[in-house]
């Protein structure tokens, strides 16, 4: 029995629900939903409010997130808290050098009874996916994520399978330990809307962590407060947020400086500018506005631009410092 390749058409996985109509939201309604989500996540995960806003901005912009932190900071807890708060299907992928692309995307298995190949979806066919220690996977396995991140679909054996919305991928990597790792190529890094670090908690925050973990797993207390359809509706509302021409020009000026900066070997591409605009639109919505301000752009600039620049030292600290200096040097539009 040979494996017949089907026409290259988009398909849905059997049992996967078709996209439900997203409810139409006002700015005020969106603010209530976002506040509900923030409070629910904060009940479980101790996260700086500004960082949590950046994470939510990534989701609302239909982007993906790269977290660069040492183990034990709470990356998995944040991902699980978000997934449970929105009642989406969550999967965690632990990357290792022997992980194969098919372990992530799925594979076709021959069914003896039906005498045909049946596609068995991999963990990528969830709505929120945590890819832990992504830089421990080989470049071949890393590249298998590109299609899903860019086009929200997976191609296996010539067949394209659409991923269910909302689709949000969080990848983590340890910035300190480099033995046995494979640095992410620039094309892969560019697919992440925002890259950030949760960082170590403050003293009182760490005490709070111990109190929450003293008698039980805090995740057992969390209940869904939003539906997947709410997230899709918020994502659609982000696309209606206005960006006036002077702010578009401001974004381009920021990109231009990265391309001419003496410490930058390769500056930010036009796709980075699109990412900066969309992240700023999300931040504006998080700030209860239907228009972008310079402060929205500044709030997301470091997370959007830093990992898209190639510098001499390839240091995230240097990249952050360069973005700070650029924000201080480029005049902000007035009026």
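Give me the extension gain from residue 94 to residue 49: residue separation times 0.36 nm, minus the current Cα-Cα distance, reported in nm with one decimal. Kindly include the intermediate steps, with their values, before the conclusion.
Values: separation 45, 0.36 × 45 = 16.20 nm, distance 2.74 nm.
Stretched fully, the residue 94-residue 49 segment lengthens by 13.5 nm.
So, in Å, what gap is there between the alpha-carbon centers of segment 92-171 and segment 266-320?
A separation of 28 Å, based on Cα centres.
Can you give the angle from 0 to 90° between the axis of helix 270-286 and the longest principal axis of the chain, with both taken from C-alpha atoms, to the nearest 10?
Long axis of 270-286 versus the principal axis of the chain: about 80 degrees.
So for each of 296-308, 161-173 I average, over its residues, the number of other beta carbons within 10 Å; can you give me the resulting order with the highest mean first? Don't skip to the answer; put the middle values down first.
Details: 296-308: 23.8, 161-173: 22.1.
Result, highest mean Cβ count within 10 Å first: 296-308, 161-173.
Residue separation times 0.36 nm, minus the C-alpha to C-alpha distance between residue 178 and residue 265: what's the value?
Net length gain for the segment: 29.1 nm.
Using Cα pairs under 8 angstrom and six or more residues apart, how large is the relative contact order of the chain, in percent?
Details: 554 pairs, mean separation 78.9, N = 335.
Rounded, it is 24 percent for the chain.
What does the extension gain come out to for residue 118 and residue 310, with contour length at 0.36 nm per residue minus their alpha carbon separation? Let's see the in-between values first.
Working: separation 192, 0.36 × 192 = 69.12 nm, distance 4.31 nm.
My answer for the length gained is 64.8 nm.
How far is helix 203-213 tilted, in degrees, relative to the longest principal axis of the Cα atoms in the chain, given as a value from 0 to 90 rounded to the nearest 10?
So the inclination is approximately 20 degrees.
Let me know the shape class of segment 191-275, please: from the alpha-carbon gyration tensor, a ≥ b ≥ c as square roots of the eigenvalues, rounded when a/c is under 1.5, otherwise prolate if a/b is greater than b/c, or oblate.
Details: a/c = 3.45, a/b = 1.63, b/c = 2.12.
Because a/c hits 1.5 or more and a/b fails to exceed b/c, segment 191-275 counts as oblate.
Output the peptides 314-320, 131-137 sorted from most to least packed, where packing is the average of other Cβ atoms within 10 Å over each peptide's residues. Walk me through the intermediate numbers first.
Working: 314-320: 15.0, 131-137: 22.9.
The packing order, highest mean first, is 131-137, 314-320.
What angle, in degrees between 0 and 90 and rounded to the nearest 10, separates the Cα long axis of helix 245-260 from the longest principal axis of the Cα atoms of the chain?
Between helix and principal axis, roughly 80 degrees.
Antiparallel versus total DSSP beta bridges in the chain: what percent is that, nearest 5?
Values: 12 of 31 bridges.
Close to 40 percent.
Sorting check: for 26-39, 191-204, which peptide has the highest mean count of neighbouring beta carbons within 10 Å, and how do the rest follow? Don't jump to the answer; show the numbers that get you there.
Details: 26-39: 15.2, 191-204: 17.9.
Most protected by this proxy first, the peptides run 191-204, 26-39.
Need the C-alpha centroid separation for segment 65-82 versus segment 223-243, integer Å.
22 Å
With a ≥ b ≥ c taken as the square roots of the eigenvalues of the C-alpha gyration tensor of the chain, please select rounded if a/c is under 1.5 and otherwise prolate if a/b is larger than b/c or oblate if it is not? Can you show the working numbers first?
Details: a/c = 1.43, a/b = 1.32, b/c = 1.08.
The shape class here is rounded.
We did not get these values from a lab; they are worked out from the coordinates using the rules stated. Bear in mind the structure is a predicted one, so any value in this text is a computation, not a measurement. Note that we place each Cβ from the backbone using ideal geometry, even for glycine, and neighbour counts take in every protein chain shown.
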